[in-house]
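Asks: Can you keep this structure in mind? I'll have questions shortly.
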Amino acid sequence: MGGKLTGMFKTDLRLGLFLFPGVAWSIWRVRNKMAIEKIFPNNPIDVIFTGVSYLQKWWRLLKPVDQEKLTGRMNAVRSWLNSYSPNIFGVFGYC
């Protein structure tokens, strides 16, 4: 699992293990809202934005070197999210 996690985030294992809980906690909370409260996100990307916000809150727990690395990764994710536009034609290019 460690190799896939670090490859996905393009980072070392220690920082990858910090990123994973933020995303997992975000998914868990959204899942609970959908299952219990019947509140659904407007856009699936909102789940990722929520995960990024958790990481920003937990950022102080890292060593200064890892804080710099995390800032770079979060800026890359934010850039990707801001430029994201879903493919209206589906996965295979047609409806």
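The values are calculated or read from the model by the stated rules, or taken from the named source; none is laboratory data. These numbers were taken from a predicted model, which means no experiment stands behind them. Cβ coordinates were reconstructed from backbone atoms using ideal geometry, including for glycine residues, and neighbour counts include every protein chain displayed.
Asks: What residue, of P64, P44, is within 14 Å of the chain's Cα centre (by Cα) and of a type outside the set (A, V, I, L, M, F, W, C)?
Replies: Answer to the check: P44.
Asks: Taking I27, is it under 10 Å from the mean Cα position of the chain (by Cα), modelled with pLDDT under 85 and not hydroxyl-bearing (S, T, Y)?
Replies: no
Asks: Which residues, counting only those in the stretch 48-67, are surrounded by fewer than 12 Cβ atoms within 10 Å (Cβ to Cβ) and under 17 Å from L13 (Cβ atoms)?
Replies: L61, K63, V65
Asks: Related question: Does V91 meet the test of being at pLDDT 80 or above and either surrounded by 13 or more Cβ atoms within 10 Å (Cβ to Cβ) or not small (G, A, S) (or both)?
Replies: no
Asks: When you go through N75, N32 one by one, which is the residue that is at pLDDT below 85 and among the polar types (S, T, N, Q)?
Replies: None of the others qualify; the one that does is N75.
Asks: To continue, here is another question. Before we move on, is L81 modelled with pLDDT under 80, closer than 19 Å to A24 by Cα and out of contact with any Asp or Glu (no Cβ under 8 Å at 6 or more places or on another chain)?
Replies: yes
Asks: Right, next: Looking only at the stretch 43-81, which residues are in contact (Cβ under 8 Å) with a residue 24 or more places away in the chain and in a loop (DSSP other than H, G, I, E, B)?
Replies: L62
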